[in-house]
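Submitted below is the structure of interest, expressed as structure tokens.
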Amino acid sequence: MKIFKFFSIFLFLIAFSCVSSTKNSNFDKENQPKFAIAIHGGAGTILKSQMSDSLESAYKEVLSKAVREGHEILSKGGSALDAVVASINILEDSPLFNAGKGAVFTQDQTNELDASIMDGASLNAGAVAGVKHIKNPINLARSVMEKSPHVFMYGTGAEAFAKEQGFSMVDQDYFFTQSRFEHLMRVQDAENNASASSQDPAHLMNEKLAFYDPILKASKFGTVGCVALDKEGNLAAGTSTGGMTNKRFGRIGDAPIIGAGTYANNKSCAVSATGWGEYFIRGVVAHDISAMIEYGGFNLEKSTSAVIDKKIPELGGDGGVIAMDKYGNISMRFNTPGMYRAQIDTSGAMTVGIYKSDTLLTK
Ligand code: ASP
């Protein structure tokens, strides 16, 4: 009898310790600080029929490398800002994307780069436009945010600030890629032929052609961007681009404009946009999405959908966004055939997508 009593107490203790240890591990898991990251490499007429297998895997490889780099920083307790810059640097350094090396050409055969970054904790932001000798414009945007009293610098002034900050300058040759140069030649040939036979003034015809011809349109995109949530609960967003092929007159798109191409606010979300910049500026895309969450109480998907599926196409534009809310939910929404993209969500699962049919990342 005594043995039986002792045995049942022993069993009870074992069962209790099992239950409490399960409870503890759940408890710990639920209380782990959440972190996540998402990147894009541009939205546009990206079609499987126009992509070789080797090019597709090259894109996927760089996207995976970039998203992993940022995630690694977050997993070690690094800041969302550091993760955003590190991921974007990898995309800027790859000739595949229209940012840093591989930027598109202006009408004058130069490369003029734009970038911006925003810290969701402080609502501080930094941006540069039209810089020609900065290898990683996102780093300069961050310096504008952290090392100057200003938010937005352009052209030679921005480069003078960069020199003061110890940035080394690169020659324009650094940005050259044969494929981007051929795109410029194709766009310029098509525009010259079209304007010769058109009633429209040349500049109007140029703009129409450049935007409506699907092949020419495909040659324009490739902007890169990143949004991240760190273990401290801080959001950050950044965007970097060469803009649009054949741009002129110092044209600046949405990428360096806070509230249009980039926005981050810990109260709502972080957003980085890509697409037809003129429409994204007019649609104040990134801030619109944030405002729907902050003031309207909408969720992330509803907010990105209202802007990307409705507002922008109704204005006549196209493109997409990556967005992340303060819980680490991710939305990848675009109204073009494709958007280069990758994410590592709060569970640690990584996904990479290119075409619309890669449904994993779109709802
Ligand atoms: N939004 C960029 C711009 O208009 C282009 C892009 O995203 O590809 O400059």
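Residue by residue through the range 112-133, note down the ones that are touching a helix residue (DSSP H, G or I) at 6+ places or on another chain (Cβ under 8 Å), assigned to a loop (DSSP other than H, G, I, E, B) and buried (at least 22 other Cβ atoms within 10 Å of the Cβ).
Gly120
Residue-by-condition table, conditions (1) in a helix (DSSP H, G or I); (2) at pLDDT below 95; (3) on the phi > 0 side of the Ramachandran plot; (4) touching an Asp or Glu at 6+ places or on another chain (Cβ under 7 Å):
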{"position": "Ser272", "(1), (2), (3), (4)": "no, no, no, no"}
{"position": "Phe280", "(1), (2), (3), (4)": "yes, no, no, yes"}
{"position": "Ala286", "(1), (2), (3), (4)": "yes, no, no, no"}
{"position": "Ile289", "(1), (2), (3), (4)": "yes, no, no, no"}
{"position": "Ile293", "(1), (2), (3), (4)": "yes, no, no, yes"}
{"position": "Leu360", "(1), (2), (3), (4)": "yes, yes, no, no"}
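So, of the residues in the range 269-298 that are of a type in the set (S, T, N, Q) and touching a residue at least 60 places away in the same chain (Cβ under 8 Å), which turns out to be farthest from the ligand (Cβ to nearest atom)? Give the derivation first.
Here is the first cut: in the range 269-298, the ones of a type in the set (S, T, N, Q) are 272, 274, 290.
Imposing the further condition that a residue be touching a residue at least 60 places away in the same chain (Cβ under 8 Å) reduces the set to 272, 274.
Details: Ser272: 10, Thr274: 3 Å.
Residue satisfying both the conditions and the ranking: Ser272.
Just to be sure before I move on: is Val307 part of a strand (DSSP E or B) and either crowded, with 16+ Cβ neighbours inside 10 Å or of a type outside the set (D, E, K, R) (or both) in the structure I sent? Step through it out loud before you land on a result.
Values: part of a strand (DSSP E or B): no; either crowded, with 16+ Cβ neighbours inside 10 Å or of a type outside the set (D, E, K, R) (or both): yes.
No: the conditions fail for Val307.
Could you tell me whether Leu74 is under 27 Å from Asn124 (Cα atoms) and over 15 Å from the mean Cα position of the chain (by Cα)? Walk me through how you get there before you give the answer.
Details: under 27 Å from Asn124 (Cα atoms): yes; over 15 Å from the mean Cα position of the chain (by Cα): yes.
Against the criterion (under 27 Å from Asn124 (Cα atoms) and over 15 Å from the mean Cα position of the chain (by Cα)), Leu74 qualifies.
With respect to Gly328, determine if the residue is assigned to a loop (DSSP other than H, G, I, E, B), more than 12 Å from the ligand (Cβ to nearest atom), at positive phi and not charged (D, E, K, R).
yes
Please work out which residue is nearest to the ligand (Cβ to nearest atom), limiting yourself to the range 237-248 and to residues that are farther than 16 Å from Pro95 by Cα and buried (at least 24 other Cβ atoms within 10 Å of the Cβ).
Step one: of the range 237-248, the residues farther than 16 Å from Pro95 by Cα are 237-239, 246-248.
Subsequent filtering for residues that are buried (at least 24 other Cβ atoms within 10 Å of the Cβ) retains 237-239, 246.
Working: Ala237: 14, Gly238: 13, Thr239: 8, Asn246: 12 Å.
Filtering first and then ranking leaves Thr239.
Name the single residue, out of those in the range 215-236 being over 12 Å from the mean Cα position of the chain (by Cα) and modelled with pLDDT under 95, that is surrounded by the most Cβ atoms within 10 Å (Cβ to Cβ). First the steps, then the outcome.
Taking the range 215-236 as the starting set, the residues that turn out to be over 12 Å from the mean Cα position of the chain (by Cα) are 215-221, 229-235.
Then keep just the ones that are modelled with pLDDT under 95; that gives 215-221.
Working: Ile215: 12, Leu216: 19, Lys217: 20, Ala218: 18, Ser219: 24, Lys220: 25, Phe221: 28.
Per the criteria, the residue is Phe221.
In addition: Here are the criteria: (1) over 30 Å from Pro313 (Cβ atoms); (2) touching a residue at least 24 places away in the same chain (Cβ under 8 Å). Tell me which single one Gln32 does not satisfy.
Evaluating Gln32 over (1) over 30 Å from Pro313 (Cβ atoms); (2) touching a residue at least 24 places away in the same chain (Cβ under 8 Å) leaves (2) as the failure.
Just checking, does the range 249-262 include any residue being surrounded by fewer than 24 Cβ atoms within 10 Å (Cβ to Cβ), aliphatic (A, V, I, L, M) and within 13 Å of the ligand (Cβ to nearest atom)?
yes
The values are calculated or read from the model by the stated rules, or taken from the named source; none is laboratory data. In this text the structure is predicted, and so the values were computed from the model without any measurement. All Cβ positions, even for glycine, are placed from backbone atoms using ideal geometry, and neighbour counts span all protein chains on display.
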